[in-house]
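The values are calculated or read from the model by the stated rules, or taken from the named source; none is laboratory data. Please read all numbers here as calculations on a predicted model, not as lab measurements. Cβ sites come from the backbone with ideal geometry, for glycine too, and all protein chains shown count toward neighbours. Ligands, DNA and RNA are excluded from the accessible area calculation, which covers all protein heavy atoms including side chains. Shrake-Rupley method; radii C 1.70, N 1.55, O 1.52, S 1.80 Å.
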Amino acid sequence: MNFVMPDFYPASAEIFVLTMACVLLLADLVAGARKRWMAFLVTELTLIAAGAITLLTSDGEVVLTFSNMFIDDLMGDFLKLLLYVSVAAALVYGRGYLAARQLDSGEFYLLVLFATLGMMVMVSANHFLTLYLGLELLSLSLYALVAMQRDSVQATEAAMKYFVLGALASGLLLYGMSMVYGATGSLEISAVAQALAHGVANNTVLVFGLVFLVAGMAFKVGVVPFHMWIPDVYHGAPTAVTLIIGTAPKLAAFAMLMRLLVNGLFELVDAWQQMLMIMAVLSIALGNLAAIAQTNIKRMLAYSTISHMGFMLLGLVSGVVSGDRHYALNAYSSAMFYSVAYVLMSLVGFGMVLLLSRAGFEADRLDELASSPSCRCCRRWWRRARSGWPCSR
């Protein structure tokens with residue numbers, strides 16, 4: 001068996017982020033807790049440099065490497081750039097919040113870099129195993145980030161729920177991949193698409209595998225009926241971590257849907273289209289109705305996330321209508337545009353909650369913000385909020 005040296009050039013950004021994560025690990029060990037600003041600075045510079053590398057290595061052509069397990073294309077490069085921007089903005093927003101709660105340690109920024117690396121691998125995956133490895137790297141990093149505030153009961157409970165349900169969803173996703181492999185004889189996404197196009201796959205096994213795949217992906221996206229983890233995790237996690245969970249991973253989840261369903265299983269569009277349609281309608285209805293009754297801003301935004309992911313799925317559903325695939329490209333590009341707009345707006349929404357928070361004061365309840373500017377109590381509350389004291393009403 002001859003070994004073919006892979007082309008490392010398309011994966012330069014991933015290699016750089018992995019290298020800088022190792023550098024950050026060693027640098028934080030040497031610097032200690034006295035220079036916590038250094039970890040933040042190294043992380044931000046890493047994201048900026050990764051964006052520059054992505055731009056320099058993007059030539060508009062589709063490049064496959066690592067035995068066709070890694071793909072470099074325009075969609076992947078565009079989503080990676082947005083990942084860098086969203087993660088960098090989330091860290092800037094959360095800098096003061098983390099420092100006030102003694103969470104701005106090197107471990108936090110190290111986990112953020114590994115989560116970013118996992119999202120980058122998901123975006124450029126052209127193989128089921130590559131996609132799964134990137135997903136698990138992202139998930140494990142997020143589990144640890146949610147539990148970073150070890151003295152918080154809510155954070156610990158949220159991390160446990162996230163871990164248990166995430167492990168279940170990963171098992172469903174992996175089982176679905178194994179069934180697709182059994183039906184097509186390949187784990188490469190493009191090879192699976194070719195097998196379906198030539199009609200050499202077992203459709204019965206494929207449909208069963210598709211059900212498990214859609215269930216696993218629905219959990220990662222956070223749509224009904226696999227949404228139960230989102231309100232608890234958003235509420236229990238530190239707000240800076242909630243900002244990270246609610247923004248950049250949504251872009252990676254969209255890329256996962258595109259790689260698996262559109263690039264790999266497009267011939268089964270009639271099957272997964274119906275499943276996504278039901279989940280989209282239920283997510284929009286439940287997300288908006290449940291958000292009305294919330295008194296916590298983070299839980300309200302969590303149910304809003306469920307609703308918005310339902311709207312994003314509508315774009316994927318509308319790609320093929322009555323067998324006509326002529327408008328598929330416009331539909332999928334519209335879904336990506338909606339995902340990008342949602343991520344940017346989530347950065348602003350959660351960012352305002354972070355900016356209003358102080359040490360010992362989370363500013364995450366609606367009644368704490370429902371005051372008239374002419375109210376004397378409101379003015380007294382704002383003065384106390386700025387100085388770090390909660391409202392005494």
Conditions (1) surrounded by fewer than 21 Cβ atoms within 10 Å (Cβ to Cβ); (2) touching a residue at least 60 places away in the same chain (Cβ under 8 Å); number of the one not met by residue 291 | (2)
When you go through 69, 119 one by one, which is the residue that is over 24 Å from residue 150 (Cα atoms) and in contact with a Lys or Arg (Cβ under 9 Å, 6 or more places away or on another chain)?
-> 119
Taking only the range 273-284 into account, find how many residues are in contact (Cβ under 8 Å) with a residue 24 or more places away in the chain, of a type in the set (A, V, I, L, M, F, W, C) and surrounded by fewer than 20 Cβ atoms within 10 Å (Cβ to Cβ).
-> 4
Selection status of residue 61, of a type in the set (D, E, K, R) and assigned to a helix (DSSP H, G or I) | no
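Okay, residues lined up against (1) under 30 Å from residue 191 (Cα atoms); (2) modelled with pLDDT of 90 or more; (3) among the hydrophobic types (A, V, I, L, M, F, W, C):
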{"position": "270", "(1), (2), (3)": "yes, no, no"}
{"position": "275", "(1), (2), (3)": "yes, yes, yes"}
{"position": "280", "(1), (2), (3)": "yes, yes, yes"}
{"position": "285", "(1), (2), (3)": "no, yes, yes"}
Before we move on, is residue 200 in a loop (DSSP other than H, G, I, E, B), surrounded by fewer than 24 Cβ atoms within 10 Å (Cβ to Cβ) and hydrophobic (A, V, I, L, M, F, W, C)?
-> yes
Name the pairs: first residue in the range 299-316 and farther than 17 Å from residue 333 by Cβ and open to solvent by less than 10 Å² (accessible area, probe 1.4 Å), second residue part of a helix (DSSP H, G or I) and of a type in the set (Lys, Arg), Cβ to Cβ under 8 Å, at least 6 apart or on different chains?
-> 305/250; 309/250
Exactly one condition in (1) closer than 30 Å to residue 357 by Cα; (2) in a helix (DSSP H, G or I); (3) of a type in the set (A, V, I, L, M) is not met by residue 210; state its number.
-> (1)
Inside the range 142-164, can you point out the residues that are in a helix (DSSP H, G or I) and surrounded by fewer than 21 Cβ atoms within 10 Å (Cβ to Cβ)?
-> 143, 144, 153, 154, 156, 157, 160, 161, 163, 164
Verdict on residue 73 being acidic (Asp, Glu), closer than 22 Å to residue 335 by Cβ, in contact with a strand residue (DSSP E or B) (Cβ under 8 Å, 6 or more places away or on another chain) and open to solvent by less than 70 Å² (accessible area, probe 1.4 Å) | yes
Collect the residues in the range 75-123 that are out of contact with any helix residue (DSSP H, G or I) (no Cβ under 8 Å at 6 or more places or on another chain) and among the aliphatic types (A, V, I, L, M), keeping them in residue-number order.
-> 100
For the range 215-231, does any single residue satisfy the condition of being touching a residue at least 12 places away in the same chain (Cβ under 8 Å), surrounded by fewer than 19 Cβ atoms within 10 Å (Cβ to Cβ) and part of a helix (DSSP H, G or I)?
-> no
Would you check if there is a residue in the range 88-97 being closer than 23 Å to residue 257 by Cβ, buried (at least 22 other Cβ atoms within 10 Å of the Cβ), of a type outside the set (S, T, N, Q) and out of contact with any strand residue (DSSP E or B) (no Cβ under 6 Å at 6 or more places or on another chain)?
-> yes
Go through the residues of the range 260-271 one by one and say whether even a single one is open to solvent by less than 10 Å² (accessible area, probe 1.4 Å) and either within 19 Å of residue 158 (Cα to Cα) or more than 23 Å from the chain's Cα centre (by Cα) (or both).
-> yes
Of all the helices (runs of 4 or more DSSP H) wholly in the range 232-303, which have at least 3 residues that are under 23 Å from residue 145 (Cβ atoms)?
-> 239-245, 248-257
State yes or no: is residue 64 open to solvent by 30 Å² or more (accessible area, probe 1.4 Å) and farther than 20 Å from residue 255 by Cα?
-> no
List pairs: first in the range 179-199 and at positive phi, second open to solvent by 40 Å² or more (accessible area, probe 1.4 Å) and of a type outside the set (S, T, N, Q), Cβ under 9 Å, 6+ apart or cross-chain?
-> 185/200; 199/267
